[in-house]
């Protein structure tokens, strides 16, 4: 090996060691653990039992039910990502125009993304308080409607989690969309104006096609982040309350591991989540042809 190659290997080796320690080894260990029977009573004496944990996930009834949690996770992901993209793109279209105070609006709208998630979750939990929360105060005082028991009913608690995550997630899509909009040549819009194109026609034929290659990877990331967003559900609903009816898959994995101490079951469920997300991402990227230019 030449000295230059040896020097390059010396520089790259620490990165591989760190990746192996914090990514590859935990992943492989989690895969192995998913085929075992480790729980609180078998911390050191656990054994490999094959597909028993995976069979248990799909066949044995749990409380809450796996299929109910999976359906709720799909609703959670689709609704959140939809509003993230719609709000983000709409706000980006507005901020891309010449409006007074644009820098101030950009700063204000980016704040939800800049604040740590646990602070956001606990703040919104206080806003949804039945007796003292600002949201019920607005509903009762200004809309003359009865107060909503946001955190005491499964449906309302789940809606509260969604509202919190929508507020938290739209700035990322807004920043990505705004960057994509600013890269579109103005000559295209000028040519469209000369042809008498309306605003909606320019949006459909110029704006959306040109920002799609940027937005599709961002949406893929949004799907993964939202699908795996433990903090909001866990903190706003107080660990899946009421009666474990607001869980999504990742929060149920956390509860199975660190409340029920069924580590192998939680590992198997996390691998199911990994396969689901990998499949969704590959399908989304292939159908959108977002990576076609990279080959």
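Read-outs throughout are calculated quantities, based only on the coordinates presented, and are distinct from any laboratory measurement. These figures come from a predicted structure and were not determined experimentally. Methodologically, a virtual Cβ is constructed for each residue, glycine included, from the backbone with ideal geometry; neighbour enumeration extends over all protein chains shown.
Extending each Cα 7 Å along its Cβ direction at residue 145 and residue 67, get the distance between those two points in nm, one decimal.
Between residue 145 and residue 67, the simple spin-label model gives 3.4 nm.
Taking the chain as a Gaussian network, where each spring joins two C-alpha atoms under 10 Å apart, which residue of 13, 95, 145 fluctuates the most?
Highest fluctuation among the options: 13.
If each residue's Cβ is checked for other Cβ atoms within 10 Å, how do 113, 199, 150, 234 rank with the fewest at the top? Each step should come with its number before you reach the end.
Working: 113 17, 199 10, 150 26, 234 21.
Going from sparsest to densest Cβ surroundings: 199, 113, 234, 150.
Please give the calculated 222 nm ellipticity per residue for the chain, where each DSSP H segment of at least 4 residues contributes -39500 (n - 2.57) and the sum is spread over every residue; nearest 500 deg cm²/dmol?
Numbers: 14 runs with 202 residues, N = 295.
-22000 deg cm²/dmol, from helical runs alone.
I want to verify a result. In a Gaussian network model of the chain, Cα cutoff 10 Å, which of these has the top mean-square fluctuation: 159, 208, 138?
138
Roughly how large, in nm² to one decimal, is the mean projection of the convex hull of the alpha-carbon atoms in the chain? Walk me through the numbers on the way to the answer.
Numbers: hull surface 94.8 nm².
Value for the chain: 23.7 nm².
I need the shape label for the range 1-75. Rule: rounded when a/c is under 1.5, else prolate if a/b > b/c, else oblate, with a, b, c from the alpha carbon gyration tensor. Working shown, then result.
On the way: a/c = 4.11, a/b = 2.20, b/c = 1.87.
Prolate.
Distance from the Cα centre of the range 1-58 to that of the range 83-131, in angstrom?
If we compute the Cα centre of each part, the gap is 38 Å.
Starting from the Cα-Cα distance between residue 99 and residue 54, subtract it from 0.36 nm times their residue separation and give me the gain in nm to one decimal.
Numbers: separation 45, 0.36 × 45 = 16.20 nm, distance 5.54 nm.
Extra length from residue 99 to residue 54 when fully extended: 10.7 nm.
Mean-square fluctuation check for the chain, GNM, Cα pairs under 10 Å: which of 203, 11, 249 is largest?
Answer for the Gaussian network model of the chain: 11.
Over the range 65-294, what is the relative contact order in percent, taking alpha-carbon pairs closer than 8 angstrom and at least six residues apart? Could you put the intermediate results ahead of the total?
Values: 235 pairs, mean separation 62.0, N = 230.
The value is 27 percent.
Calculate the spin-label point distance for residue 195 paired with residue 31, positioning each point 7 Å from the Cα along the beta-carbon direction, and give it in nanometres.
Reported label-point gap for residue 31 and residue 195 is 5.1 nm.
For the range 49-119, rounded, prolate or oblate, judged on the Cα gyration tensor with a ≥ b ≥ c (square roots of eigenvalues), a/c < 1.5 rounded, else prolate if a/b > b/c? Intermediate results must be reported in sequence, preceding the final value.
Working: a/c = 4.65, a/b = 3.14, b/c = 1.48.
Prolate.
For 65, 244, what ranking results if the residue with the fewest other Cβ atoms within 10 Å of its Cβ goes first?
65, 244
Rank these for me by crowding, 2, 264, going from fewest to most other beta carbons within 10 Å.
Values: 2 7, 264 26.
Ranked by crowding around the Cβ, least crowded first: 2, 264.
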